[in-house]
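Written out below as structure tokens is the structure these notes cover.
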Amino acid sequence: MKAMTLVTLVLAVVAIVFIVMWSGANSKQKALAKEKDEIAASFENATKTIGEIQSTLDSIDEDLMGQLSVAGETPGASPEDRKSRIVNTLSTMRTQLEEGKAKIARLEKDLSQSNRQVAGLQDILSKLRASVAEKEKIVANLQSELGIISQTLDTERKLSAEEIKKREGQISEKQGQIEQMDKDINTMYYAIGTRKELQEKGIIDRTGGILGMGKVSVISKKSNLDHYTMINLLQTNTITFSAKKRYSVLSGQNASSYKVEKNGNNYTLQISNPETFRLIKSVVIEIE
């Protein structure tokens, strides 16, 4: 009877010890499983964050290789267009770099607080930091280039303004020359008077004839334009005069380039073809 009681007691103690050991092992297993899950979640989060950072850096690389390259220039783009494009690109890149740096800092903080070192993550983060630093250096260089472009743009504006002013002066000078040429080409001189008046002014000479008979009036080669009236065919194409008996156009203008209309004792010489008429610059009309 006592032996049975002793056996029963031993079995009870063994059962209690087994239960305690099993309970402890189960708690450790649960703790290990929890830690495994936490490591997996931490690794997954780190991997996602690293992917986002790398995507940002790839986007920056595309900007550097594409939008800022000479090949990416729009044909005929002005320095102002290039400056605007670089300003917009730099602003985007700076924002992306700051976001990348913030994500790297958060990830490093999370890893340090978790007291775990996920294999390879620290090495990846070091490479990402180096890549961000490199991109920041490139952005700084581009910012310097932007300053050069701004300076170049200001210089080109100044040179363009000077060139425009110079060209405007040349155009104005040429225009003045053309206007003067037109004025000179279309400037004519006329003299109207009786035979005696024209002779006294030295405008005509009397030549030919025999014994004073049969002489004709001809324009003197020594006539002075001071005794003529100046007109410009750009402003008028008529010459008016009066004659009691008759008149004679002594100058040699082509008769088809003008016509004379009579109104009582008044006459109007109407120039119908200025290009032909102005080939002879002076007009002399002798009246009676």
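Coordinate-derived values only; no laboratory data. These numbers were taken from a predicted model, which means no experiment stands behind them. With ideal geometry, Cβ positions are generated from the backbone for all residues, glycine too; neighbour counts draw on all protein chains shown.
Checking the conditions here, which among Ile203, Ile287 is touching a residue at least 60 places away in the same chain (Cβ under 8 Å) and touching a His at 6+ places or on another chain (Cβ under 8 Å)? Explain how you work it out, then say what you get.
Numbers: Ile287 fails: touching a His at 6+ places or on another chain (Cβ under 8 Å).
Testing whether each residue is touching a residue at least 60 places away in the same chain (Cβ under 8 Å) and touching a His at 6+ places or on another chain (Cβ under 8 Å) leaves just Ile203.
Hey, could you check the stretch 256-282 for residues that are touching a residue at least 60 places away in the same chain (Cβ under 8 Å) and among the basic types (Lys, Arg) and say which is surrounded by the fewest Cβ atoms within 10 Å (Cβ to Cβ)? Across the stretch 256-282, the extreme among qualifying residues is Lys281.
Checking each residue in the stretch 160-198 for being within 30 Å of Arg246 (Cα to Cα) and touching a residue at least 60 places away in the same chain (Cβ under 8 Å) picks out Asn186, Thr187, Met188, Tyr189, Tyr190, Ala191, Ile192, Gly193, Thr194, Arg195, Leu198.
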